[in-house]
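The values are calculated or read from the model by the stated rules, or taken from the named source; none is laboratory data. Everything numeric here is computed off the predicted structure, so don't read it as measured data. So basically every Cβ, Gly included, is an ideal-geometry build from the backbone, and we count neighbours across all protein chains shown.
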Amino acid sequence: MPNDEQMTIREMCDTFDVTPRTLRFYEAKELLAPIRIGSQRLYTRRERARLTIILRGKRFGFSLEDIRQVLNLYARDGSNLAQMERTWDLAQDRLRAMEQQRDELTVAIGDLKAELETGAGLIAAARSQNARSQNAAPPGK
């Protein structure tokens, strides 16, 4: 990392592979609070840790409100026990939702494959019928 203590918005973007707009969005949602010196934003180690949690939460499908709750627990509880328990509960809920989505997708994929097989059979039959019709046509027509 360029500076162990503070990073500019460009350095954050490069480090975390996000856009400046993304960082400003999280700032507007009060998930990040960089130091502001004039128009420049400087991100501390704390903000980098918060962004790591935000990005991980988004990757796992957590809502911004769930992520906010986790971040707020970090700020309130020095022992991190409450944060760990809340994060664990949220993760369990998210895992159940993801498994349900996977199961629903598995069924939908099976249904679509069956429809494609039916469609392929209908196409093959139609091609065969067309070929027979063309072969049965009287010469010169």
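Remarks
- Qualifying residue in the stretch 93-102 (condition: farther than 30 Å from F60 by Cβ and assigned to a helix (DSSP H, G or I)): no
- Test: residue in the stretch 57-75 that is surrounded by fewer than 12 Cβ atoms within 10 Å (Cβ to Cβ) and either polar (S, T, N, Q) or at positive phi (or both): no
- Within the stretch 15-45, being in a helix (DSSP H, G or I) and within 23 Å of the chain's Cα centre (by Cα) holds for T15, F16, P20, R21, T22, L23, R24, F25, Y26, E27, A28.
- When A120 is tested against the conditions (1) in contact with a Lys or Arg (Cβ under 8 Å, 6 or more places away or on another chain); (2) surrounded by fewer than 11 Cβ atoms within 10 Å (Cβ to Cβ), the lone failure is (1).
- For the condition modelled with pLDDT under 95 and under 28 Å from Q101 (Cα atoms), R59 qualifies.
- D93 meets the conditions (1) among the acidic types (D, E); (2) at pLDDT 95 or above; (3) under 19 Å from the mean Cα position of the chain (by Cα) in every case but one. The failed one is (2).
- Selection from the stretch 32-50 of residues that are closer than 22 Å to N80 by Cβ, out of contact with any helix residue (DSSP H, G or I) (no Cβ under 6 Å at 6 or more places or on another chain) and of a type outside the set (K, R): A33, T44, E47, A49
- Test: A82 is more than 24 Å from R10 (Cα to Cα) and either assigned to a helix (DSSP H, G or I) or among the β-branched types (V, I, T) (or both): yes
- Any hit, the stretch 68-84, residues being among the basic types (K, R), touching a helix residue (DSSP H, G or I) at 6+ places or on another chain (Cβ under 8 Å), modelled with pLDDT of 90 or more and under 30 Å from Y26 (Cα atoms): no
- Of the residues making up the stretch 17-35, just one is surrounded by 14 or more Cβ atoms within 10 Å (Cβ to Cβ) and touching a Ser or Thr at 6+ places or on another chain (Cβ under 8 Å), namely P34.
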